[in-house]
Structures are given as structure tokens and as C-alpha cells.
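S.K.: Following this message is one structure expressed as C-alpha cells.
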Amino acid sequence: MEQDIKKINRSIKIQPLFSAFSDDLIFLVPIDTLFLTITKGLNASQIQFMTMLSMIVGILSRKVLLNISNKIGNIKSLRLGSFLLLISAVILTFSNQFSIICFYRIVFELAFIFLHMALIVLKNNLQSIDKGSDYFKIRNRTKIMYSTTTIITSLLSGYLFNLNNYLPMYLQILLCVIMFGMSFLFFEAKVENNAEVQKNINVKTNLNKITLLIIISFAISTTIITLGQNNSKLFMQYDFQKVLSTEMLTYYITIIVFISRISRLLGNIIFGKLYKKVKHKMNIIITLFLILAFTLLIIGHFLNVNITYKVIIMSMGFFLILATRDSFKVYLEDVALENTSKEEQQKVMVDMEIYKKVFSLIGSAAFTLILTKYELIVIEFILLGMCIIELFINRKLYKSLKEIKSLL
């Protein structure tokens, strides 16, 4: 038993480092469009097709992925995810045919379905030593580490890319090899279901309701943030270029993107401290910040003021989107794992990722059609409306969680 506790503590200790460096191809992210277009010779439509195809494959593979995870377990699933991430980096680096590069993106998407099993391992390990409430703190530490790393790689990858287009990818492959090796250091404690919950039919009914609300909230919030980040950046660019020269526009956008990465880091630190005080009101508070973000972007667009004030107002909105990005996910992961039976944990984790892809796919397609007739300001109003819907969902989730607490 003492040996198991050592393994559990080791797993908890290495989890933030593992997740921070496996949360993406971090050396590719800053130069992804440059690498795909300049080095691999792809055009915008090919990149869009590749992204859409990988999402569709991920959605259609739900049942197969779930069966594999159930069969091999959480530990082997996270190892498989880590291995697939390595394979995706290798394929992208050494292939030049479009069809094979498409395969990189599919493998990349599937990798994260399996890597999410690491979250179940973390939660179970914490619960086994009566520290289940530390999940948000540790996952928040992971996001802070990831944010800090991406600030560094955003500066480093561009420099390396200019020296040699393939240098960032060689480093990425090396990092993936290290993370794959680290995946063999994980250990998962066996945690039994709460007997009181198993016997209480009312509690079970409420848990099913909570699970549904979590999945919907997760899918909508990630769609708002992902599409909001991409479209709002373009929205600001179009607004600023009416007044600024190309040189000044590039300068402003570059500075805004760099500061947004810092705001993401600060958001993780601030919301991490805030969580201790607000607990299950967390999602409501974050949604209110998102509402403020899109309100500032819209107000900044319509204000007829000096360009400096316009840049400041709209940038503040953009920074708020980035600041909320990670805390939304971490909170909903925590609530999902806290209120799900051990048998259902894998299903909920997979469903959260799959439905996120479904909503993002629908949102991307809808926005593409809308932009054929209307300007980007319409998208900003739609995103604001989605935030208001998300607020009502999160209020309902908050009430459901209070009901569960009263029943136990």
C-alpha cells in the first residue's frame, strides 16, 4: 500500500508537466499556418478541408474510441494518446503529399481523445488520498505552465523557423518522445463509487441531468471561445485597417496577440485564486466576463473615436476571451469527474470532446455561410447571444449541483 501511495504521489506530481507539454504541438502552434503554407505548400482551402475532415472523422469514431478506452483502461489510453501525438508530428514533418498530411491532422485529433483519460487518472488519484478538491488547483497549475510555455515558444519558434523551416518540428518530435516516455511513469489508484450515491435514485437522476448540462455547457463555451478568438482577431484587423497603414496594422495585431497570451496566463492565475471563494458559481462568473468581452468588441466597433481608444477597447474584449479560455474547461472537467460514476467517466470525457467538435463544426459551417452575405459584426452579435444562452445553462447547472448537495 505504501508503494502504491508513492506511485500515486508521483503521478500527481508529474501530471501538470505532462499535460502542459502534451496539450498541443506547442512548437508548431505559433508557426502552423507558415509551416503548412510555405514549407508544405498548402493553400487556405486545403487547410480548411483538412481541419473539417479530421473533426468529422473524430465525431464518427466516437463509439470505436470509447470501446478502445474501455478495453485498455485509462493508463494505456493516455500512453496511446501520447504515442499518437508523436506519430502526428512525425507525419507532418516528413510528408509532403496532401493526402498524407491530412492523415497527420486525423491522428492529431484522435490523440487528444485518448490523452483526456489522463484527467480521470488525476481525479482518481486525488480522491484515493482524500484530495479530490485539489483537482482544479492542479489543472490550473497545468494551464499556467502551458500558458507560460506558449509565450516562450511563440518567440522561439518564429526565430527557429527563419533559421530552418524544420527546426521547430524537430524539437517538437523530441518533446513528444520525452512525453511518451513520461507516460509510462503514471499509476492509477482504484477508487470505489460512493455507495450512498448508488442507492439514492433521486441522486442518480440528478447526476444524469448534471452530466447532460455539463456536456452542453462545455460544447457551447468551447465553441464560443474558439470561434470568438479566431473571428474577433479578424474583426479587429478589418476595423483597424480602415485607418491604419499595413505596417502599423501588423505592428498593432502582433502586439495584441502577444499581450493576449499574457492575459491567458493572468486569467489562469486570477481565476485559480477566485475558485476557492466562488466554487460552483465559477462558470456563471466566467460567462459574465465573456459577455463583457463581446460587448467591448461591439462597442469599440461602433464608437467613432480616436483609433487609439478603439484599439484599447476592442483589445480589452479580445484579452478577456483569452483570459477565460482555460478556466471554463478546467472547471467543467472537475465537475464532470466529481459527479460521474467510475464506469461512466470515460464516456463523459469522450462525449465532452466529441460534442465540442460537433458544435464547433456546426458553428464554423454556419459562420462561413453567414459571412458570404453579412459582415463580421453579425458574428460578434451571434457570439454575444450564445454567451447569454450559456449563462442560463450555467445557472441551471449551478442549481442542479446545489440540489445534489442537499440530497446527499
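S.K.: Go through 337, 368, 381 and say which Cα lies farthest out towards the positive end of the charge dipole of the stretch 321-408; charges sit on Cβ, +1 for Lys and Arg, -1 for Asp and Glu.
M.R.: The residue sitting most towards the positive pole is 381.
S.K.: Cα convex hull of the chain: mean projected area in nm², to one decimal?
M.R.: Averaged projected hull area, Cα only: 20.2 nm².
S.K.: Return P(r) of the stretch 67-108 (all Cα-Cα pairs; 5 Å bins starting at 0; whole %; ordered from short to long distances).
M.R.: Pairs per bin, as whole percents: 6, 25, 24, 16, 14, 10, 5, 0.
S.K.: Would you mind checking the tilt of helix 246-278 against the longest principal axis of the Cα atoms of the chain, expressed as 0 to 90 degrees and rounded to 10?
M.R.: 20
S.K.: Just list whichever of 131/209; 123/276; 76/123; 329/356; 123/329 have alpha carbons separated by over 20 Å in the model shown.
M.R.: Too far apart for the 20 Å limit: 131/209.
S.K.: Nearest 10 degrees is fine. How inclined is helix 44-60 to the longest principal axis of the chain, computing both from alpha carbons?
M.R.: Taking Cα atoms only, the helix is inclined about 20 degrees.
S.K.: While we're on this one: From the helices alone, meaning DSSP H stretches of at least four residues, give me the mean residue ellipticity at 222 nm for the chain, per-run term -39500 (n - 2.57), in deg cm²/dmol to the nearest 500.
M.R.: That calculation yields -29000 deg cm²/dmol at 222 nm.
S.K.: Then there is this: Could you compute how fast the stretch 39-109 diffuses translationally, taking Rh as the Kirkwood radius over C-alpha pairs and applying Stokes-Einstein at 4 °C with viscosity 1.567 mPa s? Give it in µm² per second.
M.R.: 99
S.K.: Here is a follow-up. Shape of the stretch 269-391 from its Cα gyration tensor (a ≥ b ≥ c, root eigenvalues): rounded if a/c is under 1.5, otherwise prolate when a/b > b/c, or oblate?
M.R.: Judged from the Cα gyration tensor, the stretch 269-391 comes out oblate (a/c at least 1.5, b/c at or above a/b).
S.K.: Follow-up question, since we're still on this one. On a 0 to 90 degree scale, rounded to 10, what angle separates helix 2-22 from the longest Cα axis of the chain?
M.R.: Roughly 10 degrees, rounded to the nearest 10.
S.K.: Using the heavy atoms of the protein chains alone and a 1.4 angstrom probe, what is the accessible area of the stretch 47-141 per residue in square angstrom?
M.R.: Dividing the accessible area of the stretch 47-141 by its residue count gives 41 Å².
S.K.: Another question, then. Ignoring everything but the protein chains, give the 1.4 Å probe accessible area of residue 133 in square angstrom, nearest 10.
M.R.: Solvent-accessible area, nearest 10 Å²: 90 Å².
S.K.: Further, regarding this structure: Using the Cα centre of the chain as origin and beta-carbon charges of +1 (Lys, Arg) and -1 (Asp, Glu), tell me which of 271, 101, 358 is placed farthest towards the positive end of the dipole.
M.R.: Result: 271.
S.K.: Please give the FRET efficiency for residue 9 paired with residue 266, using the beta carbon to beta carbon distance and R0 = 30 Å, rounded to the nearest 0.05.
M.R.: It comes out at approximately 0.50.
S.K.: Identify, among 398, 317, 222, the residue whose Cα sits farthest towards the positive end of the charge dipole of the chain, taking +1 on the Cβ of Lys and Arg and -1 on the Cβ of Asp and Glu, with the dipole about the Cα centre.
M.R.: Sorting the options by dipole projection puts first 398.
S.K.: Could you give the dipole magnitude of the chain about its Cα centre, charging the beta-carbon of Lys and Arg +1 and that of Asp and Glu -1, in debye to the nearest 20?
M.R.: I would put it at about 840 debye.
S.K.: What percent does the relative contact order of the chain come to when contacts are Cα pairs within less than 8 Å and at least six residues apart?
M.R.: Across the chain, relative contact order equals 25 percent.
S.K.: So, one more: To the nearest 10 square angstrom, what accessible area does residue 84 show with a 1.4 Å probe?
M.R.: For residue 84, the solvent-accessible surface is approximately 40 Å².
The values are calculated or read from the model by the stated rules, or taken from the named source; none is laboratory data. These numbers were taken from a predicted model, which means no experiment stands behind them. So basically every Cβ, Gly included, is an ideal-geometry build from the backbone, and we count neighbours across all protein chains shown. Side chains included, ligands, DNA and RNA excluded: accessible areas come from the protein's heavy atoms. Shrake-Rupley method; radii C 1.70, N 1.55, O 1.52, S 1.80 Å.
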